Amino acid sequence: MAAAGRIYLGLVLVFLYAPILVMAAMSFNDSQLYALPVKWSLRWYADLAGNQRLIDAGINSIVIAMITTVIAGTLGTAAALAFFRYEFRGKRLLQILLFPPIAIPWLITGTAMLLFFFWTGIGRGLHAMVLGHVALALPYVIIVVAARLKAFDPDLEAAARSLGASPWQVVRYVTLPFLAPGVVAAALFAFAVSFDQFVISYFLAVPGVSTLPVEIYTSIRKGFTPEINAISTIVIVSSMALLIGVTRFYRFGGDR
Amino acid sequence: MATVSVKGVSKLFGTFRALDDVSIEFDDGGFYGLLGPSGSGKTTLLRLIAGFEFPDMGAITIGGEAVERLPAEKRDVGMMFQSYALFPNMNVFDNVAFGLTVRKLPRSEIRTRVGEALELVELGGLETRRPHQLSGGQRQRVALARAIVFRPRVLLLDEPLSALDKALRTGMQIELKRIQREIGITTIFVTHDQEEALTLSDRVGVLRDGRLIQEGAPRDLYERPKSAFVATFLGDANLLEGIVEGAAIRLDEGPLVRTTAPLPAIGSRVTVAVRPERITVSPEAQTSGGEHNELGARVEEAIFAGNSLTYMLSRGGRKLRVFAQNTGSEPVSADTPVRLVWAASDTIVVEA
């Protein structure tokens, strides 16, 4: 059994990481035609440094993802707290309405947003992309923070109040420190949802202003170059480093 | 410190009447136990005094000041929660210091007062531990220190000992009583455990269905319960029903039972209660004077519990119970007809 389990685990890891590893290896291969054996070179990374379009798109992606993270993280945490603390009419319905946007295909959401933004005069561009990404990320944030809140003992807030803490002090010293791991996880989700987003960004981009996934797609259509492997490898390594750092720092679910 | 007074307080949750016109005076420096089954409203009353809920009717005063509209953080009331509610992200020192930190006291004073509080609950040296590194008993002491360190006017305890195992509980009862006396703080605590209420309190109030049905000193309540509910909720009681006949009660099944308690009008139906430990099981009929009651019964089972014996008896269709000290003599065996004997002064008349 143990051996079978180990083989199964091995297959899962291969399935997950093999394509990524191949891509990473090719980004260091001098040959444009993926000739083997790999001849090590940093040529594509040097090319990338000169590709202003990809670099601009990358900066756009990071800026949009950071703004999305801050807005969706704040709004979503506040919403999760409201769901946790208050009973109000239509609360159950609102909670149920959080899930469909996750299941609806992005192509449909994107079309709907494009129509709606056109019709309301919001239009396209960076601001429209931020709006769209916030709307997409919000349900994830609420769900992740709410999951953390499930383990929260309301007596903690009551205790802080009886000890003389003002409502603001209760949130600052008791509620937020408890929620922090959940909020950080939710923020990562929001960042990832925005940074990975292709369809909606594609619909809402205007010429000259696009995001990394949109720019990569455009370059592939024009003809694939290993520069794409290079930038993808940079993205993968930096996002993995970020995730590992955060999980090590917070030991999710491990603090009581 | 301060007296606390609750006057005509009612609290509704939707259509459920959690408290119904409750009035209680809590003496300055007293230890008052609120006792009742779950759903009796005892915890609601505590939360109203703490300021987590507001009454729909009635007044609450602390030291003469009306507080029923003040939020919890303005009431200056220390509370210890059933779950202890220690802040998991803070160590013992910061937990205890919390009430002083939010009041922005100078750091040196905080250090002195936290030190004193931890000394009082005998937890000196554990300042840097986190709550999850403490035993149940230690957590409880931290919760207590945190609730008293800012010198509140009143201390509220919600089921303070229910999370501890039995051996620890007895020790903590004595400890809690010592600390309460030492600082002389008005203390109100909630429990469903009658023994805990009797042991700890100077006064006990029994709540049922949102109403205060009886209050008094623990001995008063035990010796003179005014209802079958209080008689059976506080300790154990054998209940017998009958009709008042002269200065005694004619039981439905015939025999006459004497009492020294005042009786309602002749012909009224009453219920009497007799504590199981006040009855003697005797194999043969006594030549009893007028001061004693005697009733025939049959032993169904004698349960041996080391220092005591419990006799389960039946009389007609009625089950009765008697506690006897283990005096070394042979217990009466099952199926033996016996006489149950008790003093007239041990017949408690409870309402019909």
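Annotations
- Beta bridges per DSSP, both residues in the protein assembly as shown: antiparallel share near 75 percent.
- The value of relative contact order for the range B:236-350, using C-alpha pairs under 8 Å at least six residues apart, is 32 percent.
- Signed unit charges on C-beta, dipole axis of the range B:4-225, positive-most listed residue B:Gly58, B:Gly171, B:Met80: B:Met80
- Measuring against 30 Å, Cα to Cα, the residue pairs A:Lys91/B:Lys7; A:Lys91/B:Lys11; B:Lys7/B:Lys226; B:Lys11/B:Lys104; B:Lys42/B:Lys177 contain A:Lys91/B:Lys7; B:Lys11/B:Lys104 as the ones spanning a longer distance.
- Solvent-free Debye scattering, log10 I(q)/I(0), computed from the Cα coordinates of the range B:4-225 at q = 0.07, 0.09 Å⁻¹: -0.21, -0.36
- Pairwise centroid distance, computed over Cα atoms, of the range B:327-350 with the range A:177-223, Å: 84
- Entry note, chain A: relative contact order of 31 percent, from Cα contacts under 8 Å with a spacing of 6+ residues.
- Summarising the amide proton neighbourhood of B:Asp56: residues at separation of 5 or more, or on other chains, whose placed amide H is nearer than 5 Å comprise B:Ser10, B:Lys11, B:Leu12.
- Computed [θ] at 222 nm, deg cm²/dmol, chain A (DSSP H ≥ 4; -39,500 (n - 2.57); rounded to nearest 500): -24500 deg cm²/dmol
- Per-pair calculated FRET efficiency, R0 = 51 Å: B:His292 and A:Asp153 via Cβ, rounded to 0.05: 0.35
- Residues A:Met240, A:Met26, B:Met312, arranged from fewest to most other Cβ atoms within 10 angstrom of their Cβ, appear as A:Met240, B:Met312, A:Met26.
- Within the listed set A:Leu81, A:Leu126, A:Leu156, the residue fluctuating most in the Gaussian network model of chain A (springs between alpha-carbon atoms under 10 angstrom) is A:Leu156.
- Mean Cβ neighbour count within 10 Å, used as a protection proxy, ranking B:197-203, B:243-249 highest first: B:197-203, B:243-249
- Which of B:His132, B:His192 has the fewest Cβ neighbours within 10 Å, and the rest in rising order: B:His132, B:His192
- Packing-based exposure ordering (other Cβ within 10 Å, fewest first) of B:Arg47, A:Arg248, B:Arg315: A:Arg248, B:Arg315, B:Arg47
- Charged-residue dipole, Cβ positions (Lys, Arg, Asp, Glu), the protein assembly as shown about Cα centre, Debye nearest 20: 1980
- Label-point separation, A:Tyr8 to A:Val206 (7 Å along Cα→Cβ), nm: 5.3
- The range A:57-179 - Debye-derived log10 I(q)/I(0), Cα point model, q = 0.20 Å⁻¹: -1.16
- Its Kirkwood hydrodynamic radius, worked out from the mean inverse distance over all distinct Cα pairs, puts the protein assembly as shown at 30.7 Å.
- Distant-in-sequence amide H partners of B:Thr271 (H built 1.01 Å from N, under 5 Å): B:Val350, B:Ala352
- For the range A:17-76, the set of chymotrypsin sites (Phe, Trp or Tyr not before Pro) satisfying both a DSSP loop assignment and a count of at most 16 other C-beta atoms within 10 Å is given as A:Tyr34.
- Note on A:Phe15 and A:Leu75: their simple-model spin labels are 3.6 nm apart, each label 7 Å out from Cα toward Cβ.
- Charge context of B:Arg339, other residues only, Cβ under 13 angstrom, K/R +1, D/E -1: 0
- Under 5 Å, built H, 5+ apart or other chain: amide partners of B:Gly41: B:Gly210
Every number in this text was worked out from the coordinates using simple rules, so none of it is lab data. Note that this is a predicted model, so its numbers are computed, not measured. Because the Cβ atoms are built from the backbone with ideal geometry, glycine has one as well, and the counts that use them run over all protein chains shown.
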